[in-house]
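The next block holds one structure in the form of C-alpha cells; read it before the comments.
The values are calculated or read from the model by the stated rules, or taken from the named source; none is laboratory data. All values reported here derive from a predicted model rather than from experimental measurement. Reconstructed Cβ throughout: ideal geometry from the backbone, glycine too, with neighbour counts over all protein chains shown.
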Amino acid sequence: MPNITGHTELVGLMAYPIRHSQSPTTHNLAYDRNGDDVIQLAFEVDNDSLKDAVQSIRALKMLGSNVSMPNKTVVHQYLDEVDDAARLCGAINTVVNVRDENGEVTGYLKGYNTDGMGYWRGLKEAGIDYKGKKLVLIGTGGAAAAIAVRGALDGLASIEIFNIKDKFYDRGVDIAKLINENTECKAEMHDLADLDLLKEKMHEADLFCDATGVGIHPLEDLSNIPDGSFFKPDLIVTDTVYAPRETVMMKQAKDAGVKTVMNGLSMMLFQALIAIELYTGKETDVEYMKEQLGI
Ligand code: NAD
C-alpha cells in the first residue's frame, strides 16, 4: 500500500474501456522504485468527457496523464503544444503538465507519443543501431504510424510500408507522404497482397516489423509472412505483439535461422518508462522493472 499523503502527486490514465490496463501497475512500481511521491490512477474517460478531463489536469495540478483509445487521436485540440512525432502520426499517448524552473507545474500541456519512442528505445537497448537502416513495416494503424514516424525522424534511411487494402490502407498512404515531406527518410506504401514485392523488400532490408493485429487473439494462429524464405539470417525481426510472447511470424523467423527476433514487450515497457521520465525527469532501473513484471 503506497504511503499517500497530502503531498502525493497524481498522474492520470484516461481511456475507455480502461479497467483491464496494466499501466497503473507499471507506473506505480516505477514511482515507488524511484522514490517519487507520485501515483497513477486510471479514469474512465471517453471523447465526451475528454475536454473536461484534460482541463482537470490543469485545475488539479496533476503531473499529466497517459491517454489511450478513444482519446489518442482527438486530445491534441485541448493541448497547448504537440511534439513533432505525435503531430505527424496523429496520436498522443502522454500529456505532460510542463514544469517551470522551480519544478512547479504550469498548466501548459504538451502531448507526446511514447509508443514510437518506446519501440526504438527497445532496439537501442538491445544494441541495435538503426540510423541509416532500411525498414520493412507491415501495418498502418496506431502502433505502425508511431513507429514509422519516430524512426523516420530519428534517421532511418527508408521505410517500405505494407498493409492489406482495408480501412487502414489510405492512412498508410498519408503517413508515407508526411514522412517524405517532413524527414530525410524515404517512405513508400505498398499492398500487402504483392508478396513478390514484400519478399524482395525484406531481402533488401535491415529491419522488419509487423505492427498489425495478426499474431494476437483472435488472429494468433496467423502470420502475414507466407513462409521462411522471406527471411534472411541477418534481418532484425520484430513484432509489436507481446501476448503471446512468440507469434507465428516470430517462430517462422527463428526456424529460418534469423539471429535477432524480438516481441513487443520492450516497446510496451519503454513507452511507459519514457512517459514516466517525461513526468518526473527520472530514469527507471530497467532490469528491476523487467524482473518485477516478469518480462
Ligand atoms: P490498429 O487497430 O490501429 O491497427 C491494426 C492494424 O492491423 C492495421 O494496419 C490493420 O490493417 C492490420 N490488420 C488487422 N487485421 C489484419 C489482418 N487480418 N491481416 C493483416 N493486417 C491486419 O491497432 P494498433 O493499436 O496499431 O495495434 C497493432 C498491433 O500492435 C496489435 O497487435 C497491438 O497489440 C500491438 N501494439 C503493441 C504495443 C506495445 O507496446 N508492444 C503498443 C500498441 C500496439
Residue within segment 233-241 that is touching a Lys or Arg at 6+ places or on another chain (Cβ under 8 Å) and hydrophobic (A, V, I, L, M, F, W, C) present: no
Among the residues listed as Tyr78, Tyr130, the single one being of a type in the set (Phe, Trp, Tyr) and either in the same structural domain as Gln55 (by TED's automatic domain parsing) or surrounded by 24 or more Cβ atoms within 10 Å (Cβ to Cβ) (or both): Tyr78
Residues being in contact with a Phe, Trp or Tyr (Cβ under 9 Å, 6 or more places away or on another chain) and near the ligand (Cβ under 9 Å from one of its atoms) - total across segment 200-211: 1
Test: residue in segment 272-279 that is away from the ligand (no atom under 16 Å from the Cβ), under 18 Å from Ile128 (Cα atoms) and not in a strand (DSSP E or B): no
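Quick one: would you say Lys201 is buried (at least 20 other Cβ atoms within 10 Å of the Cβ), out of contact with any Leu (no Cβ under 9 Å at 6 or more places or on another chain), at pLDDT 95 or above and of a type in the set (D, E, K, R)?
Working: buried (at least 20 other Cβ atoms within 10 Å of the Cβ): yes; out of contact with any Leu (no Cβ under 9 Å at 6 or more places or on another chain): yes; at pLDDT 95 or above: yes; of a type in the set (D, E, K, R): yes.
Yes: the conditions hold for Lys201.
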Flag for Val261 being within 16 Å of the ligand (Cβ to nearest atom) and under 20 Å from Asp129 (Cβ atoms): yes
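For segment 264-278, indicate whether the set of residues that are farther than 24 Å from Ile92 by Cα and surrounded by 19 or more Cβ atoms within 10 Å (Cβ to Cβ) is non-empty.
Checking segment 264-278: not a single residue is farther than 24 Å from Ile92 by Cα and surrounded by 19 or more Cβ atoms within 10 Å (Cβ to Cβ).
For segment 240-247, indicate whether the set of residues that are in contact with a Gly (Cβ under 8 Å, 6 or more places away or on another chain), assigned to a loop (DSSP other than H, G, I, E, B) and of a type in the set (Phe, Trp, Tyr) is non-empty.
Yes, segment 240-247 contains at least one residue that is in contact with a Gly (Cβ under 8 Å, 6 or more places away or on another chain), assigned to a loop (DSSP other than H, G, I, E, B) and of a type in the set (Phe, Trp, Tyr).
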Conditions (1) at pLDDT 95 or above; (2) within 11 Å of the ligand (Cβ to nearest atom); (3) not hydroxyl-bearing (Ser, Thr, Tyr); number of the one not met by Lys282: (2)
Some residue of segment 95-115 being surrounded by 16 or more Cβ atoms within 10 Å (Cβ to Cβ), among the charged types (D, E, K, R), in contact with a helix residue (DSSP H, G or I) (Cβ under 8 Å, 6 or more places away or on another chain) and under 27 Å from Glu9 (Cα atoms): yes
Subset of segment 198-212 (residues that are in contact with a strand residue (DSSP E or B) (Cβ under 9 Å, 6 or more places away or on another chain), of a type outside the set (Phe, Trp, Tyr) and not in a loop (DSSP other than H, G, I, E, B)): Leu198, Lys201, Met202, Glu204, Leu207, Cys209, Asp210
Residues located in segment 176-220, provided they are closer than 17 Å to Gly141 by Cβ and small (Gly, Ala, Ser): Ala176, Ala187, Ala211, Gly213, Gly215
Residue count for segment 1-41, restricted to those that are under 18 Å from Lys72 (Cβ atoms), crowded, with 20+ Cβ neighbours inside 10 Å and of a type in the set (Gly, Ala, Ser): 3
